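Colleague: One structure, as structure tokens, below. Some questions next.
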């Protein structure tokens, strides 16, 4: 079986934390609580799909009410 796995679409948890503007420990705590998008875990390495992170960030967007 020869499956290609596109790694360019995945970011480390440190990169994910930077993209979301949170600390690495905050990202990890939220992941443990199930408050983050799906992720890959291979051994000790955690990777997030960039598209999933962007969709997650968009879902957190708040539009203030008009005065």
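The values are calculated or read from the model by the stated rules, or taken from the named source; none is laboratory data. No experiment lies behind these values; they were computed from the predicted model shown. Positions of Cβ are generated from backbone atoms using ideal geometry, with glycine treated the same way; all protein chains shown enter the neighbour counts.
Colleague: Would you please list the contacts, defined by Cβ atoms under 7 Å and residues six or more apart or on different chains, that run from a residue in segment 1-27 that is more than 16 Å from residue 39 (Cα to Cα) to a residue that is assigned to a helix (DSSP H, G or I) and at pLDDT 95 or above?
Modeller: Partner pairs satisfying both residue conditions: 23/17.
Colleague: Looking at segment 32-67 only, could you name the residues that are more than 19 Å from residue 8 (Cα to Cα) and touching a helix residue (DSSP H, G or I) at 6+ places or on another chain (Cβ under 8 Å)?
Modeller: 36, 57
Colleague: Also: Among residues belonging to segment 1-20 that are surrounded by fewer than 10 Cβ atoms within 10 Å (Cβ to Cβ) and not in a helix (DSSP H, G or I), point out the one that is modelled with the lowest pLDDT.
Modeller: Across segment 1-20, the extreme among qualifying residues is 1.
Colleague: Take the residues of segment 21-40 that are exposed (fewer than 14 other Cβ atoms within 10 Å of the Cβ) and in contact with a strand residue (DSSP E or B) (Cβ under 8 Å, 6 or more places away or on another chain): which is farthest from residue 57 (Cα to Cα)?
Modeller: Per the stated criteria, the residue is 40.
Colleague: Does residue 24 count as modelled with pLDDT of 95 or more and under 10 Å from the mean Cα position of the chain (by Cα)?
Modeller: Working: modelled with pLDDT of 95 or more: yes; under 10 Å from the mean Cα position of the chain (by Cα): no.
In short, no.
Colleague: Looking at 46, 62, which is the one that is at pLDDT 95 or above and outside any helix (DSSP H, G or I)?
Modeller: None of the others qualify; the one that does is 46.
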